[in-house]
Amino acid sequence: MGAPAPVILNVTTPEYGRVVIEASDGFRYHADLSSLAQVYCYPRDRTEWDRVAIDSYGLALVWESRFEAHVDQVVALADRCEPVQRTA
């Protein structure tokens, strides 16, 4: 049995189609979600892309257009993963 999905703690959108999440597993994931652009409700431009929120469970990113990306999808599409430096 595998480990539970990490919880999304923070999200940024450095450019259209890309997200960076900090997760409860102590890692920051940089992912390109543009492969999902054929989905009907995928945000159409940078302005829409920047209007992202973390769902109430911390398990998905949700856009105003109702496009959603689950944390497992973000992790799977990540092209870079780095440990988060925590400061006290």
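All of the numbers you see were taken from the coordinates with simple rules; none came from a lab. If you're wondering where the values come from, they're calculated on a predicted model, not measured in any experiment. Every residue, glycine as well, gets a Cβ built from its backbone with ideal geometry; the counts of neighbours run over all protein chains shown.
Which length gain, in nm to one decimal place, applies between ARG46 and ARG18 when the Cα-Cα distance is subtracted from 0.36 nm times their residue separation?
9.1 nm
Per residue of the stretch 26-34, what does 6.51 cos²θ - 1.76 cosθ + 1.60 with θ = phi - 60° give for ³J(HN,Hα)? Whole Hz please, x for Gly and Pro, Karplus curve as stated.
Couplings: x, 10, 10, 10, 9, 10, 9, 9, 5 Hz.
Under unit Cβ charges (Lys, Arg +1; Asp, Glu -1), what dipole magnitude, rounded to 20 debye, does the stretch 15-88 have relative to its Cα centre?
80
Within a Cβ distance under 13 Å of ARG66, other residues only, what is the Lys/Arg minus Asp/Glu net charge?
So the surrounding residues net to -2.
Taking the Cβ-Cβ separation of ASP79 and SER56 as r and a Förster radius of 25 Å, what is the calculated FRET efficiency to the nearest 0.05?
Step by step, r from the Cβ atoms, then E = 0.35.
With θ taken as phi - 60° and the coefficients 6.51, -1.76 and 1.60, list the Karplus ³J(HN,Hα) couplings across the stretch 50-66 in order, rounded to whole Hz; mark glycine and proline as x.
6, 8, 10, 9, 8, 5, 5, 9, x, 9, 8, 9, 10, 9, 4, 6, 6
Bins of 10 Å, beginning at zero and ending with the bin holding the largest distance: percent of Cα pairs per bin for the chain, please.
That works out to 17, 53, 25, 4, 0, in percent per bin.
Among ASP72, ASP45, ASP32, determine the one that fluctuates most according to a GNM of the chain built with springs between C-alpha atoms less than 10 Å apart.
The residue that fluctuates most here is ASP45.
Distance in nm between label sites at ASN10 and GLU64, each 7 Å beyond Cα in the beta-carbon direction?
In this crude spin-label approximation the distance works out to 2.4 nm.
Which is the longest part of the chain that has none of the chymotrypsin sites (Phe, Trp or Tyr not before Pro) sitting in a DSSP loop with at most 14 other Cβ atoms within 10 Å?
1-39
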